[in-house]
Amino acid sequence: MEKPIISLVASAIRTQHWLDLYEKLSTDNTIPFEIVFVGHMYPDFVLPENFIYIYSEAEAIECYETAYRNSKGEYVSFFADDIVPSSHFLNEMCAYLRRMWNDKVVLLPRLAFEYDPDARDGKCTPPLDSCMVAQLNNPEAPVVGACFTIKRSLWKELGGLDRRFTHIWSDLDMQLRIYEAGGCPFVSPTTIVWERAHTEHPRLSVKAGAGEDNMDVNFFNKCWLDENRILLKKRLIEFQPFTDDEIPIVR
Amino acid sequence: MIEPVISIVAPAIRPFLWQELYAMLCAENNVPFEIVYCGNVRPEFELPENFIHIFNESKPPLCYETAWRNAKGEFLLIIPDDVIVPPRTVDVMYSYMQRMQNEKAIISARFSDKLGGPPLDSHFCFDMENPKSPVLGCATMTRRKVWEELGGFDRRFELMWADTDLQMRILEASGHPFVVPSENYIIRERIHVYSRLADLTKGPLSDRILLDSLWKNSDGSTSETRLEPVQPYTKDEINIIR
């Protein structure tokens, strides 16, 4: 197997989408890549050589960390299996990453919420660029987004994801930690990711998880909001990484 | 006059396009701005209060330098006078600037050289042949103090590429590029008969040779550090009128 340049890592349980995603990525990209998915749903089909599946019954965020630590690419993309990327997604993302002089750049694709597989000429819902901010109605809130891609060395330097998150918002937390450490976002204008309809996966959707009673949201707010609920540039709570004992390394 | 937050600066010689451009910049825009254009063609009409023309017969890079040295805004935005600007573009660029935690951010709009054409995203780099050449922008917004810290343009450029050199220097100083991703804010160049690209035959080759000598290593790769020191304009060369 060719050494991957980019690893798409995710907690993944929707095996019905995996081959579609793989085919989409492999047909119109020349950049060597690998997919590393971790979760509790075994696929009932044979996976290609550069598509690694690791069985785990852990919570989603631990699955993400497991996927990252078992990946090999120079770049790591915090991906998901309910995402449909635009054409030449990997080539475009890598092209921008290589043009950055800043090792702490967070490269983001544009995000659109409803994928329509029946749309003609691939013209699905347009991206919602104005939603790609860490706090709506806050003009100074930084640009953040889904499927962020960073250098592997940066993920390692940060210590990975905070183990106190369970299902959501650890990616948002990591992006803010990168900015706190001097990193910057760059949105690739030529790449888009569409989310499949939210109804397919209520467990992981932001809509389902973003309520005030959600423990991940509460923890995020404790980390980043001041007493007036304004987003801060410096994290209030010390980061807690997963320990080596918690994360199985299978490769 | 309301104190401008943004100063739009450029060398400019096409007054017949200025009123239309001014109207486009004002459309649906909220952030206070001023335009400071410098060049050798006087407009035959009265300019609005926040539109300053400085008559100057020197070459474009010195006109650039004169324009920004006379600007008052906290942010400098390069918009030449031969472009079409969609409504709200300046507001949107400013909103992204506010979101950057890097004081040396360079915000750019996407750009097209045709009125109805696609954006030329792949063109905006120092060296298209080199896949590691950094992302550069067109119609860039930066903090004025960054230009001040870097000392402005290099006086050796005669017609063009001085702004490219400055962007490279900002990146060298830990700056960061950011392109407004939306197709709704593409800045479009008018047909070339009006455009600065029509002047390419007047000597840009020597400017490009200079630019390459400042940033290209002997093996053709792009240097992340400038290979020669900057030669700034002296204070005596710049006409400060405000």
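Residue under question is B:M100, and the condition is that it be open to solvent by less than 40 Å² (accessible area, probe 1.4 Å) and touching a Leu at 6+ places or on another chain (Cβ under 6 Å); does it hold?
Judged against the criteria, B:M100 is not a match.
Take the residues of the stretch A:79-99 that are surrounded by fewer than 23 Cβ atoms within 10 Å (Cβ to Cβ) and outside any helix (DSSP H, G or I): which is farthest from the other protein chains (Cβ to nearest Cβ)?
A:D82
List the pairs whose first member sits in the stretch A:169-188 and is on the phi < 0 side of the Ramachandran plot, whose second member is part of a strand (DSSP E or B) and of a type in the set (G, A, S), and whose Cβ atoms are under 8 Å apart, counting only residues at least 6 apart or on separate chains?
Listed by first residue and then by second, the contacts come to A:C184/B:A105.
For A:Y42, indicate whether it is open to solvent by 60 Å² or more (accessible area, probe 1.4 Å) and free of Cβ contacts under 8 Å to residues at least 60 places away in the same chain.
Spelling it out, A:Y42 is indeed open to solvent by 60 Å² or more (accessible area, probe 1.4 Å) and free of Cβ contacts under 8 Å to residues at least 60 places away in the same chain.
Restrict the check to the stretch B:125-143 and report whether at least one residue is hydrophobic (A, V, I, L, M, F, W, C) and at pLDDT 95 or above.
Yes; the residues of the stretch B:125-143 include at least one that is hydrophobic (A, V, I, L, M, F, W, C) and at pLDDT 95 or above.
Give the residue, chosen from A:E23, A:E57, that is assigned to a helix (DSSP H, G or I), among the acidic types (D, E) and open to solvent by 40 Å² or more (accessible area, probe 1.4 Å).
Going through A:E23, A:E57 in turn, just one is assigned to a helix (DSSP H, G or I), among the acidic types (D, E) and open to solvent by 40 Å² or more (accessible area, probe 1.4 Å): A:E23.
Scan the stretch B:128-151 for residues that are small (G, A, S) and not in a loop (DSSP other than H, G, I, E, B) and jot them down.
Listed by number, the list holds a single entry, B:A139.
Which of the residues belonging to the stretch A:149-192 are under 14 Å from the mean Cα position of the chain (by Cα), among the aromatic types (F, W, Y) and either in a helix (DSSP H, G or I) or within 14 Å of chain B (Cβ to nearest Cβ) (or both)?
Passing the criteria: only A:W155.
Taking B:M168, is it touching a helix residue (DSSP H, G or I) at 6+ places or on another chain (Cβ under 8 Å) and open to solvent by 30 Å² or more (accessible area, probe 1.4 Å)?
Here the answer is no, as B:M168 does not meet what is asked.
Tally the residues that are hydrophobic (A, V, I, L, M, F, W, C) and open to solvent by 10 Å² or more (accessible area, probe 1.4 Å), restricting the search to the stretch A:145-167.
2
Looking only at the stretch B:157-173, count every residue that is at pLDDT below 95 and not in a helix (DSSP H, G or I) and tell me the total.
5
Kindly evaluate B:P80 against the criterion of being in contact with a Gly (Cβ under 7 Å, 6 or more places away or on another chain) and crowded, with 22+ Cβ neighbours inside 10 Å.
no
Which one is modelled with the highest pLDDT among residues in the stretch A:110-139 that are outside any loop (DSSP other than H, G, I, E, B) and more than 9 Å from every other protein chain (Cβ to nearest Cβ)?
Within the stretch A:110-139, the match that is modelled with the highest pLDDT is A:L111.
Of the conditions (1) part of a helix (DSSP H, G or I); (2) free of Cβ contacts under 8 Å to residues at least 60 places away in the same chain; (3) open to solvent by less than 20 Å² (accessible area, probe 1.4 Å), B:V36 clears all except one; give me its number.
Answer for B:V36: the failing condition is (1).
Out of everything in the stretch B:93-127 that is touching a residue at least 24 places away in the same chain (Cβ under 8 Å), of a type in the set (A, V, I, L, M) and not in a strand (DSSP E or B), what residue ends up being nearest to the other protein chains (Cβ to nearest Cβ)?
By that ranking, first place goes to B:M100.
Return yes or no: is B:E149 open to solvent by 20 Å² or more (accessible area, probe 1.4 Å), over 15 Å from A:A95 (Cβ atoms) and without any contact (Cβ under 8 Å) to a residue 60 or more places away in the chain?
Considered against the rule, which asks whether it is open to solvent by 20 Å² or more (accessible area, probe 1.4 Å), over 15 Å from A:A95 (Cβ atoms) and without any contact (Cβ under 8 Å) to a residue 60 or more places away in the chain, B:E149 comes out as yes.
So B:D82 passes all but one of these: (1) more than 16 Å from B:V180 (Cβ to Cβ); (2) within 14 Å of another protein chain (Cβ to nearest Cβ). Which condition number does it fail?
For B:D82, the exception is condition (2).
Answer with yes or no whether B:D199 is modelled with pLDDT under 90 and outside any loop (DSSP other than H, G, I, E, B).
Yes; evaluated as a whole, the condition is true for this residue.
Among the residues of the stretch B:213-233, which ones are without any contact (Cβ under 8 Å) to a residue 40 or more places away in the chain and either surrounded by fewer than 10 Cβ atoms within 10 Å (Cβ to Cβ) or more than 14 Å from chain A (Cβ to nearest Cβ) (or both)?
Those that are without any contact (Cβ under 8 Å) to a residue 40 or more places away in the chain and either surrounded by fewer than 10 Cβ atoms within 10 Å (Cβ to Cβ) or more than 14 Å from chain A (Cβ to nearest Cβ) (or both): B:S213, B:N217, B:S218, B:D219, B:L227, B:E228, B:P229.
Taking the stretch B:71-93 only, how many residues are among the hydroxyl-bearing types (S, T, Y) and out of contact with any strand residue (DSSP E or B) (no Cβ under 7 Å at 6 or more places or on another chain)?
Qualifying residue count for the region: 0.
Return yes when B:M141 is within 11 Å of chain A (Cβ to nearest Cβ) and aliphatic (A, V, I, L, M) and no when it is not.
It is false that B:M141 is within 11 Å of chain A (Cβ to nearest Cβ) and aliphatic (A, V, I, L, M).
The values are calculated or read from the model by the stated rules, or taken from the named source; none is laboratory data. Note that the structure is predicted; figures quoted are calculated from it, not measured. Virtual Cβ from ideal backbone geometry, glycine too; neighbours counted across all protein chains shown. Heavy atoms of the whole protein, side chains included, go into the accessibility calculation; ligands, DNA and RNA do not. Shrake-Rupley method; radii C 1.70, N 1.55, O 1.52, S 1.80 Å.
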